[in-house]
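Trainee: Supplied in structure tokens, the structure appears directly below.
Please treat every number below as a calculation from the coordinates, not as lab data. Remember, predicted model here, so these are calculated numbers, not experimental data. Counting neighbours? That spans all protein chains shown, and the Cβs are built from the backbone with ideal geometry, glycine included.
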């Protein structure tokens, strides 16, 4: 079966500090992977998605970046956090065999507070 | 622009039926998906409509009308555990997805 992991679960970081969030998927090969951010009480904002190793599409031209160094690993980074980066960060993968992104499975998320 | 519009809140009583509407304007439309999210948790996939009509999965049903750019999620025999946020989502070209802002459902005893 396919599972998705994210860590850490919670994180408190000062403004201007770096960030690294990791997401890994098990039980599937070459999954499409997504990073979303959710502000409190709001919807999901797509940040990045990846269809393969080293292939990253950016939807948000801010101080965040993403990398996919391995097939089942997706990393979200920042060199200097802003207060506005606070939120719930969710990683998701596409169900195997799908030709369109209609059924996504989410990791448990990382709740980031920038102080 | 690309957007999906949903009501912000809906309240219903236990045992009742509730409908959550979603109107959309997206490019690269592949269909409409629905997700449930409990407080503090991650979204979970509920249903997907690629074609017009009604899809039923247990107590939940989802409907799509492409000509009207409209869909809805129908929850029957409401239970307290159904209190959550519900999101509609649609395609935005390729493998991109756009989510609505979500509808908070409150189920009262």
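Trainee: Determine one quarter of the surface area of the Cα convex hull of the protein assembly as shown, which equals its mean projected area, and express it in nm² to one decimal.
Mentor: That works out to 12.3 nm², a quarter of the Cα hull's surface.
Trainee: Convex hull over the Cα atoms of the stretch A:57-98, averaged projected area in nm²?
Mentor: 4.0
Trainee: When B:96, A:80 are ordered from fewest to most other Cβ atoms inside 10 Å of their Cβ, what list results? Don't skip to the end; give the middle numbers.
Mentor: On the way: B:96 18, A:80 11.
The order, fewest Cβ neighbours first, is A:80, B:96.
Trainee: Given Cα positions, please report Rg to Rh for chain B, the hydrodynamic radius being the Kirkwood one. Display every interim value, and only then the final one.
Mentor: Numbers: Rg = 13.3 Å, Rh = 13.9 Å.
That ratio is 0.96, to two decimals.
Trainee: How big is the antiparallel share of DSSP beta bridges in the stretch A:9-115, given as a percent to the nearest 5?
Mentor: So the antiparallel bridges amount to about 90 percent of the total.
Trainee: Counting alpha carbon pairs within less than 8 Å and at least 6 residues apart, what relative contact order, in whole percent, applies to chain B? Each step should come with its number before you reach the end.
Mentor: Values: 284 pairs, mean separation 41.2, N = 109.
In percent, rounded to a whole number, it is 38.
Trainee: Turning to a different aspect of this structure: For peptide B:37-44, compute the average count of partner chain beta-carbon atoms within 10 Å of each residue's beta-carbon.
Mentor: Per residue, the average neighbour count from other chains is 5.
Trainee: So how compact is chain A: Cα radius of gyration and Dmax in angstrom?
Mentor: 13.5, 41
Trainee: First measure r as the distance between the Cβ atoms of residue A:12 and residue A:95, then evaluate 1/(1 + (r/R0)^6) with R0 = 25 Å and state the FRET efficiency to the nearest 0.05.
Mentor: Details: r = 33 Å, r/R0 = 1.33.
Once rounded, the FRET efficiency stands at 0.15.
Trainee: Using a Gaussian network model of chain B whose springs link C-alpha atoms within less than 10 Å, name the residue from B:92, B:42, B:50 with the highest mean-square fluctuation.
Mentor: Residue with maximal mean-square fluctuation among B:92, B:42, B:50: B:42.
Trainee: So, one more: I'd like the FRET efficiency for residue B:38 and residue A:63, computed as 1/(1 + (r/R0)^6) with the beta carbon distance as r and R0 of 25 Å, rounded to 0.05.
Mentor: That pair, residue B:38 with residue A:63, gives E of 0.25.
Trainee: Here's something else I'd like to know. Relative contact order of the stretch A:6-71: what whole-number percent is it, with Cα pairs under 8 angstrom and at least 6 residues apart?
Mentor: Across the stretch A:6-71, relative contact order equals 22 percent.
Trainee: Quick check: pseudo-label points 7 Å beyond the Cα along Cα→Cβ at residue B:108 and residue A:22, how many nm apart are they?
Mentor: 4.8
Trainee: Let me ask something else about it. Give me the distance in nm between label points sitting 7 Å out from Cα along the Cα-to-Cβ direction at residue B:80 and residue A:29, one decimal.
Mentor: 4.8
Trainee: What FRET efficiency comes out for the pair residue B:68/residue B:16, r = Cβ-Cβ distance, R0 = 25 Å, nearest 0.05? Don't skip to the end; give the middle numbers.
Mentor: Numbers: r = 25 Å, r/R0 = 1.01.
The computed FRET efficiency comes out at 0.50.
Trainee: To make sure I understand, if each residue's beta carbon is the centre and we count other beta carbons within 10 Å, what order do A:46, A:11 fall in, fewest to most?
Mentor: Fewest to most other Cβ atoms nearby, the residues stand as A:11, A:46.
Trainee: To the nearest whole number, what is the average tally of beta carbon atoms from other chains within 10 Å of the beta carbons of peptide B:96-103? Can you show the working numbers first?
Mentor: On the way: counts 6, 11, 5, 7, 2, 4, 5, 0.
So the per-residue partner count for this stretch is 5.
Trainee: Just want to confirm a number: the relative contact order over chain A, from Cα pairs under 8 angstrom separated by 6+ residues, in percent.
Mentor: Averaging sequence separation for qualifying contacts and normalising by length gives 35 percent for chain A.
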